[in-house]
Amino acid sequence: MGHKSWLGFILLLFTTLATSGIARGDGETAPARDPKQPIDEAYTAKIRKYTTAPYFSSPLVDYLPASKTVPTPEAVLGDVAGAPGILPYAEDVYKYMRLLEKATPRVKVVSIGTTEEGREMIAVAVSSEANLKNLEQNRQRLAKLADPRTIHLEDAEADKLVAESVPVYYITGTIHSPETGAPTALMELAYRLAVDESPYVREIRDGVITLITPVVEVDGRDRMVDLYKWHLAHPKDFYPPLIYWGKYVAHDNNRDAMGMALKLTQNVLNTYLGWNAQVLHDLHESVPYLYDNTVGDGPYNAWVDPILVDEWQMIGARNVADMTKFGMPGVFTHGDFDTWSPGYLMFLAAMHNGISRLYETFGNGGADTRERTLQADEYARTWYRPNPPFPKVLWSQRNNNNYEETGLLTSLHYFNENKRLFLKNFYLKGKRSIQKPSAEGPAAYVLPANDPRASVQADLLRVMLKQHVEISRSTTAFQVALPVKKEKKSAKPADPEEKPKPAAPTSRDFPSGSYVIRMDQPYSRVADALLDYQYWSPEDPQTTPYDDTAWTLGELFGVEVTRVTDSKVLSVPMERVTELHSFGGVKGEGVLFAIDNHAEPALASLRYRLKDTTIEAAEEPFQSGDRKFSRGTFLIRGVSRSDLDSATKTLGLEAVALATAPSIKTHPVRAPRIAYVHTWISTQSEGWWRLAFDNLQIPYDYMSTQALAKIPDLNAKYDVILFPPVTGEASAISIVRGTPNSWGNPLPWLNTPETPNLVGKNDSTPDMRPGLGWDGLAKLQTFVRNGGVLLTATDTSQFAVALGLVNGVAASTSEKMKIVGSIVGTRLVDAASPIAYGYDEKVSAYCDNGPIFSLSSIIGARRRHLGPELKTRPTGRGTKDDPDFVVGRPASEIPEEPERELWEAPQPTDDQRFNNPRVIPPADRARVILRYADSKDLLIAGLVGSGNEIAQHPAVLDVPSGSGHVVLFSINPVYRGETENTYALVLNTLLNFDSLNVGRKDADQK
Ligand SMILES: [Zn+2]
């Protein structure tokens, strides 16, 4: 077919589609345009031109209604939405939305906050004039449905409100910056909703308030548009990958709905709840051609209301059906996404009595029209995808916009048709949240007033406040009954020698001032989901969890959280806490001040804040008066009482004045000069570390591996080099070599006229490809040998091990072990190490298949077995425990093998030691700070499969090297704003960087 006749064929098909009509159920409105309303001919022609095949469009979007007064997206874009070569900046999208607002009373734009880099976020409401005029009255009605306590849980009253209310459907676009289609699709959708007079769209406009945040990750959008512009200016070159999205994290910006650490999450939740919306529908692009992934696959999150699960199925199934009838291929709703983790942005709705929805559509990572070839699993016909995508296709951004808009319009229409049901469900989910204590429990979660880690407890409570969870504080001491755990009946007869276990306590006392998170509140669900424990069965049919399997915040923060089922707790006298007032400060009078060490991250903030003050760390626990202080306690001199009082009040730390200095060994706690290193491979995981450091106000020099390699004398400038995890596919060699640069062009990450937004407040380079380099590696080694401290975690630990920066440590990975974003138990091995200051014997930590460390005392040692290994005595004389004998020669004693634990290095035997320069002197061997718990105690929450492979192995190691140290983490101690319990392991390393050998038993044995 020639070019012209092909076009004619397409036009013919479009006409056929538009006029043939689709059989509808009784009383349903046909999805067809109003023939009386003129169309914008030029715009419509371009829509058709940019759509690569007629079946990639629908009768809802294959035309644009004309308006004499309202500008089309062309006014800002210079072309139609989804046109090739055009990606608007957020600013341009906002400009258009504000043009709409000016031109029609059916659009209202509000500012909803700013990003970390100060860019504006907006929400655009589109509805009928009447609805927008009565927004406030409507909001008040919806607020009553959102909090059924206001109407005393009276269903009749709710029904009245349901009948009168206009629901709110909230759509969020482009949280993931390389997924570029949503902003133009949403510009055009806003226009259609405001202008189209077809009965189908009019019903939506009159019946629903559509709320749109066209760009969620505004900082990342502007960078992505820059890169695309660079690509258009250098069409033959490779263009740089989007290494930074927001200031801190990339793809993980859609994993922040638990920790609420990012502004975009906070702004979207505040908007969602502020408008009392019923739906949060988040737009993504990675799967052909439209995957409504809310139905997904199991296991489903255990805390969502089953009413929501039904809603997912209803809307999802209808969405697929409608688009299938339009003849659009590749639309489906089941798939490999499980709905377990509540970390996704859409889950803000699922956890706050709304409906969470998410589309994966097909995007080209820019606005080029491209030939796309799919993988077999993407185009295969399956039971849930009877109409799969094509194996090969020419795909355009316009196609993407057609799918997004068609999906949204059919969803909005179905939602409107059934809005009374969905509004009633909205009320019911709120009501059931309030009835939680009596319906399924628990009654409350209690955080005791006397938690020794008050500043961390406050941080956890702040997360709850950001989640709009109500917190109360008891005004009296109180007692609750504890649930009685049923003892498992043992099959074996009781062992008479076994000591009877002490009876489990049946009640628990809490002091006055304890925090109570009541479960009889509208948002009890989110508190319950975040504070409860998770269990993912190793036998679950879902073998590839989509994300973390655990998030128990009490464990990850290391603060005590008690799940209380005794409903008496609800009648304890208490008052609402709307903000956490400053606490801490200085108590008493004396010559010096002590701050007990409970591994609170705020201690590190204090060290940097009081930079001219002398702070010493107590190397042993001590007592002063009747008060006990733990190892690592800060002893502070040379600061005025008022300065210390104000600093500790800000940080939530309690300082105690001591009459006399304790007579114990101490060493200085210093504020090290930190080089903070990232790669140009990925900045995703280190971004969470950077966010934590910035929140703690700990200064550092941020630099790439390339920049580090160029510093002539690292020791002259820095005390500690921090190399947080890289993740992705970062092997040790790729950290050194970077991206191949024997071919291709440089990949600049610089501000240029085409890319004014790239660098922001992060880093830049003329070419992203080179890595650390072998020279850089040598410099790292020299830095450590000369007394510097290098801190690594997960894959950067593997890098340090693989490239020989440490001796006597092996790091392996396991194919079988499955610890997928789980919380595991670890045990303190060396409490005298400054790295362990403030920790108790048991430490819960986040682990995602961390490297399995094993230690040896001989470099390059390998155990060789030539015969069978004898675990028991061989066949011979006597009983099982007797020694064997040899006839005709004196008996010989078998030398006793030294006992050693799995986490320790085996002691070399006399024979191994003989003339062996490879034996590592005791003082140079790795010091185990923390180890993984025994197999049976490893699982705290989530999935632990074949955990025996890592059980008892080291979790945190301090390895001397020359006069410096490499501190290796197998766990990831700083993660997604959720792991405050393990922050201090990193911070202790920093503050004690020049005293890490303190308490080391074999420090002098060379
Ligand atoms: Zn995405």
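Things worth noting here:
- Of all the numbered requirements in (1) within 11 Å of the ligand (Cβ to nearest atom); (2) touching a Ser or Thr at 6+ places or on another chain (Cβ under 8 Å), N254 misses one, and that requirement is (2).
- Of residues in region 350-377 being away from the ligand (no atom under 16 Å from the Cβ) and closer than 28 Å to V225 by Cβ, the one surrounded by the most Cβ atoms within 10 Å (Cβ to Cβ): A367
- Residue check, T271 closer than 23 Å to Y523 by Cα, within 16 Å of the ligand (Cβ to nearest atom) and not in a loop (DSSP other than H, G, I, E, B): no
- Among the conditions (1) farther than 30 Å from T51 by Cβ; (2) surrounded by fewer than 21 Cβ atoms within 10 Å (Cβ to Cβ), D92 misses just one, which is (1).
- When region 384-424 is limited to residues that are free of Cβ contacts under 8 Å to residues at least 40 places away in the same chain and not in a helix (DSSP H, G or I), the one that is nearest to M314 (Cα to Cα) turns out to be P386.
- Flag for A861 being surrounded by 14 or more Cβ atoms within 10 Å (Cβ to Cβ) and at pLDDT 95 or above: no
- For the condition within 30 Å of F634 (Cα to Cα), touching a residue at least 40 places away in the same chain (Cβ under 8 Å), open to solvent by 70 Å² or more (accessible area, probe 1.4 Å) and out of contact with any Cys (no Cβ under 6 Å at 6 or more places or on another chain), K818 does not qualify.
- Residue within region 224-242 that is surrounded by fewer than 24 Cβ atoms within 10 Å (Cβ to Cβ) and within 16 Å of the ligand (Cβ to nearest atom) present: yes
- Odd one out for M260 among (1) open to solvent by less than 10 Å² (accessible area, probe 1.4 Å); (2) within 16 Å of the ligand (Cβ to nearest atom); (3) of a type in the set (A, V, I, L, M, F, W, C): (2)
- Residue count, region 301-324 (criterion: of a type outside the set (D, E), closer than 15 Å to K429 by Cβ and within 26 Å of the chain's Cα centre (by Cα)): 7
- For H281, the stated conditions hold: it is outside any helix (DSSP H, G or I) and at pLDDT 95 or above.
- Residue ID - farthest from the ligand (Cβ to nearest atom), chosen from residues in region 171-190 that are in a helix (DSSP H, G or I) and not acidic (D, E): A190
- Sole residue being among the polar types (S, T, N, Q) and either open to solvent by 10 Å² or more (accessible area, probe 1.4 Å) or touching a strand residue (DSSP E or B) at 6+ places or on another chain (Cβ under 6 Å) (or both), chosen from T184, T210: T210
- Answer from V166, V216 - the residue that is away from the ligand (no atom under 15 Å from the Cβ) and either in a loop (DSSP other than H, G, I, E, B) or modelled with pLDDT under 95 (or both): V166
- Residue list for region 284-332, restricted to those being within 16 Å of the ligand (Cβ to nearest atom), in a loop (DSSP other than H, G, I, E, B) and surrounded by 17 or more Cβ atoms within 10 Å (Cβ to Cβ): V287, P288, Y289
- When P725, P740, P699 are checked against the criterion of being free of Cβ contacts under 8 Å to residues at least 60 places away in the same chain and under 30 Å from G220 (Cβ atoms), P740 stands alone in meeting it.
- Taking each residue of region 285-306 that is of a type in the set (A, V, I, L, M, F, W, C) and looking for partners that are within 14 Å of the ligand (Cβ to nearest atom) and open to solvent by 10 Å² or more (accessible area, probe 1.4 Å) with beta-carbon atoms closer than 6 Å, six or more apart or interchain, yields V287/E360.
- Output for region 191-207, where each listed residue is in a loop (DSSP other than H, G, I, E, B), among the charged types (D, E, K, R) and either open to solvent by less than 10 Å² (accessible area, probe 1.4 Å) or within 16 Å of the ligand (Cβ to nearest atom) (or both): D196
- Residues of region 664-689 classified as over 26 Å from T765 (Cα atoms), part of a loop (DSSP other than H, G, I, E, B) and not charged (D, E, K, R), total: 4
- Hey, T982 in a helix (DSSP H, G or I), at pLDDT 95 or above and within 18 Å of A671 (Cβ to Cβ) or not: no
- Scanning region 137-163 for residues that are part of a helix (DSSP H, G or I) and either within 16 Å of the ligand (Cβ to nearest atom) or more than 35 Å from the chain's Cα centre (by Cα) (or both) yields Q137, I151, D155, A156, E157, A158, D159, K160, L161, V162, A163.
- Enumeration of residues in region 728-747 that are surrounded by 19 or more Cβ atoms within 10 Å (Cβ to Cβ) and not in a helix (DSSP H, G or I): A730, G738, L747
- Failed item, numbered, when S734 is tested on (1) farther than 15 Å from S704 by Cβ; (2) of a type in the set (S, T, N, Q); (3) at pLDDT 95 or above: (1)
- Candidates V639, V656 - the one that is assigned to a strand (DSSP E or B) and either in contact (Cβ under 8 Å) with a residue 12 or more places away in the chain or surrounded by fewer than 19 Cβ atoms within 10 Å (Cβ to Cβ) (or both): V656
The values are calculated or read from the model by the stated rules, or taken from the named source; none is laboratory data. Nothing here was measured: the structure is a model prediction, and the numbers come from that model. Reconstructed Cβ throughout: ideal geometry from the backbone, glycine too, with neighbour counts over all protein chains shown. With ligands, DNA and RNA removed, areas are computed over all heavy atoms of the protein, side chains included. Shrake-Rupley method; radii C 1.70, N 1.55, O 1.52, S 1.80 Å.
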